[in-house]
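Visitor: My questions will all concern the structure given below.
The values are calculated or read from the model by the stated rules, or taken from the named source; none is laboratory data. Being a predicted model, the structure only gives us computed values, none of them experimental. So basically every Cβ, Gly included, is an ideal-geometry build from the backbone, and we count neighbours across all protein chains shown. The accessibility values were calculated without ligands, DNA or RNA, using every heavy atom of the protein model including side chains. Shrake-Rupley method; radii C 1.70, N 1.55, O 1.52, S 1.80 Å.
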Amino acid sequence: MTIVYEKSKGLTDAQTHYCPGCTHGIIHKLVAEVLVELGVLNEAIGVAPVGCSVLAYNYFNCDMQEAAHGRAPAVATGIKRVRPENTVFTYQGDGDLASIGTAEVVHSAHRGEKITTIFVNNAIYGMTGGQMAPTTLIGQKATTAPLGRTIEHSGKPLKISEMLATIDGAKFVERVAVNNPANIRKAKKAIKRAFECQIQGKGFAIVEVLSTCPTNWGKTPVDALKWLEDNMMPYYPLGNFRDFEEDK
Amino acid sequence: MAKVLMKGNEAIGAAAIKAGCKYFFGYPITPQSELPEYMSSELPKVGGCFLQAESEVAAINMVYGAAGAGVRVMTSTSSPGMALKQEGITYAAGAELPCVIVNVMRGGPGLGGIQPSQSDYFQATRGGGNGDYRTIVFAPSSIQETVDYVMESFVKADQYRIPVVVLADGMIGQMMEAVEFKEPKKVELEPKTWATTGTKGQRKPNIVNSLFLDPQELEDHNWKLDRRYKEIEKNEVLVETVDIEDADVVCVAYGTTSRIVKNAIADCKAKGLKVGLIRPITLWPFPMEVFKQINPNCKGILTVEMSTGQMIDDVKIANEGRLPVYFNGRVGGMIPTPASISADIEKIAGGIK
Ligand SMILES: Cc1ncc(C[n+]2csc(CCOP(=O)(O)OP(=O)(O)O)c2C)c(N)n1
Ligand code: SF4
């Protein structure tokens, strides 16, 4: 029998704990496939965040370290500086990367640290039960913004990709979404390029992936995808902000 | 090897490199900045890497990553920076990562001052970060000892898979003394088969982690760590004692303060007083047992510290209520004088109530 599709060797056999309809799983799959396709799985060292993907170290079939909340880019820096020949990546949520760990990601980008960051933006804190994130949209309800986020109280949602794209050391910055097959394919391309950026020694690479949290958004998986398209995509436009080929 | 005259902070760096440390992540703070400066010029020469982090939080997390990847790695700071490093230290303790952290103490709380102090004793010996964990704490009193114990720190860190703290103070960091760099001891250590180095397709993935969501697993992990801590308490206590068996007064002091106390003791002995000294070299594990060797007819114990008396708790625990415990301390960067210590010793010897 010809095998037309199988689970990536980049993932372990562990069953993930993600909620039904959560897109963390799709993003894991893409990262795993890319590591295998680029032939770097055996050299890869991943850093898991604190957040719903805290257990990512059980799912990726490569060496992994678990970092403190927000510190994954610093941990990855330590690994990459002592093992420059290895492929080092972080996998972080928006609470992790855009709130408690902003300094770590900004300065890793600033140093042009040769690591790849997968940044999962679901506009909310998933793991702790749906609190407001820096990425929560205006009007969006969260357990710590019961009436919806307002600009006066909390400022506008932080656009991480746009911000990091202003930093010279960030050599690859792209925002993608995993809301439909076409976008999932584009997301994979971007993730691949972000790892190529590291493998070619160009500098810091980040892919921001717009993701869903049906559980804390209080929506069915299908409605969650629609909400992402209708609300997140207009505020967080998809596209490439920086590519190492174009970099002067 | 011949002796060389070196500043404390730089000697720490030289000792670390001699011990095989090739990686340093740090952030400037007085009075330890010469150490990262030294590393920035010397580590590239041995094929290593110095990186100035954006903060102490980042620096210790870089140490965590590097230690997890299986190398000898170090960071250094002074008190306010040590407060920030506590997050990474508890994670390293939980993940059983060997690393060396130097704290060249200055006065606090808060921004405090920049003069020598010993007021991070609680933080160093009680944890500082969250959870049930310990770190081995060396408290050297001279630059020679600092060099020796920095080298020893890397061995103990690897041997027990534990973060090790070298607790110095601004005086150690800033003064110059003649030191000799001995050849590192040859110790058989287990290979770091747990480190994240890439599987090379030849083994199962390694995971460096301190998270155990199953309470039973976390309890097992905690007791496992605790058994190791008990082993360290049994095997790694270092202490200098002088004349405690027939002393009328016993002083307890560590680090540079112990040198001032030694001067005071010499003055008192010249006057015919019988004075002993207990100098803990490891603050954790604390030398509890030696207190039992103190002359039972001793009039009292005098604890001398550059803090408001943080070590007194340990002294009282070790002393188990046998003898009265007195205290002489200065804080804020002020230094106890031999005269004030001698005066206290004489008072205790004379039988104060
Ligand atoms: C120092 C620290 N502060 C807070 C927490 C609690 N905490 C765990 S996950 C989380 C939010 C994670 O949200 P995000 O990064 O957006 O990931 P998601 O769960 O949405 O995937 C927080 C605040 C923690 N573990 N450590
Ligand atoms: S809480 Fe949200 S982000 Fe977390 S697994 Fe569930 S759906 Fe996914």
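Visitor: Just for chain B, what percent of DSSP beta bridges are antiparallel, to the closest 5?
Guide: Working: 11 of 44 bridges.
Beta bridges within chain B, antiparallel portion: roughly 25 percent.
Visitor: While we're on this one: How much FRET efficiency would the formula 1/(1 + (r/R0)^6) give for A:GLU229 and A:SER154, where r is the Cβ-Cβ distance and R0 is 22 Å, rounded to 0.05? Working shown, then result.
Guide: Details: r = 24 Å, r/R0 = 1.08.
For A:GLU229 and A:SER154, the calculated efficiency is 0.40.
Visitor: Additional query: In terms of Cα to Cα distance under 29 Å, which lysines are near enough to A:LYS226, apart from those fewer than 8 places away along the same chain?
Guide: The reachable lysines, counting only those whose Cα sits under 29 Å from A:LYS226, are A:LYS7, A:LYS29, A:LYS141, A:LYS156, A:LYS159, A:LYS186, A:LYS188, A:LYS189, A:LYS192.
Visitor: 7 Å from Cα along Cα→Cβ at both B:TRP194 and B:LEU111: what's the point-to-point distance in nm?
Guide: 4.1 nm
Visitor: Across the protein assembly as shown, what fraction of all alpha-carbon pairs, as a whole percent, falls in each successive 20 Å bin from zero upward?
Guide: That works out to 20, 46, 26, 8, 0, in percent per bin.
Visitor: Shifting gears a bit: Out of B:GLN216, B:GLN202, B:GLN159, any idea which swings most in a Gaussian network model of chain B, alpha carbons joined below 10 Å?
Guide: Comparing B:GLN216, B:GLN202, B:GLN159 in the GNM, the peak value goes to B:GLN202.
Visitor: How high is the FRET efficiency between B:ASP214 and A:LYS7 when r is their beta carbon distance and R₀ equals 45 Å, given to the nearest 0.05? Mind showing how you got there, number by number?
Guide: Working: r = 26 Å, r/R0 = 0.57.
The formula returns an efficiency of 0.95 here.
Visitor: Next up: Given the protein assembly as shown, what percent of its DSSP beta bridges are antiparallel, to the nearest 5?
Guide: On the way: 16 of 78 bridges.
If we restrict to bridges inside the protein assembly as shown, about 20 percent are antiparallel.
Visitor: With only alpha-carbon atoms in the gyration tensor, what are the semi-axes of the equivalent ellipsoid for the stretch A:80-194, in Å, largest first?
Guide: Numbers: eigenvalues 147, 58, 34 Å².
In descending order, the three semi-axes are 27, 17, 13 Å.
Visitor: To continue, here is another question. Where a ≥ b ≥ c are the square roots of the eigenvalues of the C-alpha gyration tensor, would you call the stretch B:47-152 rounded, which needs a/c under 1.5, or, failing that, prolate if a/b is larger than b/c, or oblate? Provide the component values of the computation, followed by the final result.
Guide: On the way: a/c = 1.39, a/b = 1.23, b/c = 1.13.
Since a/c stays below 1.5, the shape of the stretch B:47-152 is classed as rounded.
Visitor: Taking square-rooted eigenvalues a ≥ b ≥ c of the alpha carbon gyration tensor, is the stretch B:268-353 rounded, prolate or oblate, where a/c under 1.5 means rounded and, failing that, a/b exceeding b/c means prolate?
Guide: On the way: a/c = 1.67, a/b = 1.05, b/c = 1.59.
In terms of gyration-tensor shape, oblate.
Visitor: Relative to a virtual label point 7 Å from the Cα of B:GLU236 in the Cα→beta-carbon direction, which members of the stretch B:262-284 show backbone nitrogen distances below 12 Å?
Guide: Answer for this model: B:282-284.
Visitor: Give me the extension gain from B:GLN52 to B:LYS347: residue separation times 0.36 nm, minus the current Cα-Cα distance, reported in nm with one decimal.
Guide: Working: separation 295, 0.36 × 295 = 106.20 nm, distance 5.04 nm.
Here the answer is 101.2 nm.
Visitor: Follow-up. Looking at the square roots a ≥ b ≥ c of the eigenvalues of the Cα gyration tensor of chain B, which shape do they give, rounded for a/c under 1.5, prolate if a/b is larger than b/c, or oblate?
Guide: Values: a/c = 2.02, a/b = 1.57, b/c = 1.29.
Because a/c hits 1.5 or more and a/b exceeds b/c, chain B counts as prolate.
Visitor: Then there's this: From the backbone phi of the stretch B:92-98, what are the Karplus-calculated ³J(HN,Hα) couplings (6.51 cos²θ - 1.76 cosθ + 1.60, θ = phi - 60°) in whole Hz, Gly and Pro given as x?
Guide: Once rounded to whole Hz, the list reads 5, 4, x, 8, 6, 9, x.
Visitor: Show which lysines lie in cross-link reach of B:LYS269 when reach means a straight Cα distance below 16 angstrom and same-chain residues fewer than eight apart are skipped.
Guide: Qualifying lysines at Cα under 16 Å: B:LYS299, B:LYS347.
Visitor: Say we join alpha carbon atoms closer than 10 Å with springs in a Gaussian network model of chain B; which of B:GLY333, B:GLY255, B:GLY131 then has the biggest fluctuation?
Guide: Checking each option, the largest mean-square fluctuation is seen for B:GLY131.
Visitor: I would also like to ask the following. Which residue, B:ILE317, B:ILE89, B:ILE232, has the most motion in a Gaussian network model of chain B that connects Cα atoms within less than 10 Å?
Guide: B:ILE317
Visitor: When we measure straight from the Cα of A:LYS171, which aspartates and glutamates land under 16 angstrom away, once same-chain ones fewer than 8 places off are left out?
Guide: A:GLU113, A:GLU162, A:GLU196, A:GLU208, A:ASP243, A:GLU245, A:GLU246, A:ASP247
Visitor: For the charge dipole of the protein assembly as shown, defined by +1 on Lys and Arg C-beta atoms and -1 on Asp and Glu C-beta atoms about the Cα centroid, which residue among B:ALA92, B:LEU238, A:LEU11 has the Cα displaced farthest towards the positive pole?
Guide: A:LEU11
Visitor: Once the Cα gyration tensor of the stretch A:25-101 is diagonalised, what are the square roots of 5 times its eigenvalues, in whole Å and ordered largest first, as equivalent ellipsoid semi-axes? Let's see the in-between values first.
Guide: Values: eigenvalues 73, 49, 17 Å².
Listed largest to smallest, the semi-axes of the stretch A:25-101 are 19, 16, 9 Å.
Visitor: Another one. Let me know the charge dipole size of the stretch A:204-248 about its Cα centre in debye, to the nearest 20, where only the beta-carbon of Lys, Arg (+1) and Asp, Glu (-1) is charged.
Guide: Details: 4 positive and 8 negative charges, 46 e Å.
It comes to approximately 220 debye.
Visitor: While we're on this one: Keeping all protein chains in place and using 1.4 angstrom, which order do B:PHE50, B:PHE286 fall into by accessible surface area, from largest down? Don't skip to the answer; put the middle values down first.
Guide: Details: B:PHE50 45, B:PHE286 15 Å².
If we order B:PHE50, B:PHE286 from most to least accessible, we get B:PHE50, B:PHE286.
Visitor: Shifting gears a bit: With a sphere of radius 12 Å drawn around the Cβ of B:CYS268, what net charge do the other residues whose Cβ falls strictly inside it have (Lys, Arg +1; Asp, Glu -1)? Write down the numbers at each step before the final one.
Guide: Details: positive: B:LYS262, B:LYS269, B:LYS271, B:LYS274, B:LYS347; negative: B:ASP243, B:ASP248, B:ASP267, B:ASP344, B:GLU346.
Taking every other residue near B:CYS268 into account, the sum is 0.
Visitor: Provide, as a two-decimal number, the C-alpha radius of gyration of the stretch B:190-333 over 2.2 N^0.38 Å, N being how many residues it has. Please report the intermediate quantities before stating the final value.
Guide: Working: Rg = 21.6 Å, N = 144, 2.2 N^0.38 = 14.5 Å.
Here the Cα radius of gyration is 1.49 times the empirical estimate.
Visitor: Which residue, chosen from B:SER55, B:GLY113, B:THR75, occupies the Cα position most advanced towards the positive end of the dipole of the stretch B:1-146, where the dipole is computed from +1 (Lys, Arg) and -1 (Asp, Glu) charges on Cβ about the Cα centre?
Guide: Ranked along the dipole, the leading option is B:THR75.
Visitor: At 0.890 mPa s and 25 °C, plugging the Kirkwood radius over alpha-carbon pairs of chain A into Stokes-Einstein gives what diffusion coefficient in µm²/s?
Guide: On the way: Rh = 17.8 Å.
In µm²/s, the coefficient rounds to 138.
Visitor: For the pair B:ASP132 and B:LYS292, what calculated FRET efficiency results from E = 1/(1 + (r/R0)^6), where r is the Cβ-Cβ distance and R0 = 22 Å, to the nearest 0.05?
Guide: Working: r = 27 Å, r/R0 = 1.23.
Step by step, r from the Cβ atoms, then E = 0.20.
Visitor: Using a simple charge model, +1 on the beta-carbon of Lys and Arg, -1 on the beta-carbon of Asp and Glu, nothing else, what dipole does the stretch B:237-353 show about its Cα centre, in debye to the nearest 20?
Guide: Around 260 debye, computed over the stretch B:237-353.
Visitor: Across every pair of different alpha-carbon atoms, what Kirkwood hydrodynamic radius in Å does the stretch B:89-215 reach? Mind dumping the intermediate values first?
Guide: Values: mean 1/r = 0.0600 Å⁻¹.
After inverting the mean inverse Cα-Cα distance, the result is 16.7 Å.
Visitor: State, to one decimal in nm, how far the label point of B:SER40 lies from the label point of B:ASP246, with both points 7 Å from Cα in the Cβ direction.
Guide: Output for this residue pair reads 5.6 nm.
Visitor: Hey, another quick one. If I model a spin label as a point 7 Å beyond the Cα along the Cα-Cβ vector, how far apart are those points for B:VAL4 and A:CYS19 in nm?
Guide: 6.1 nm
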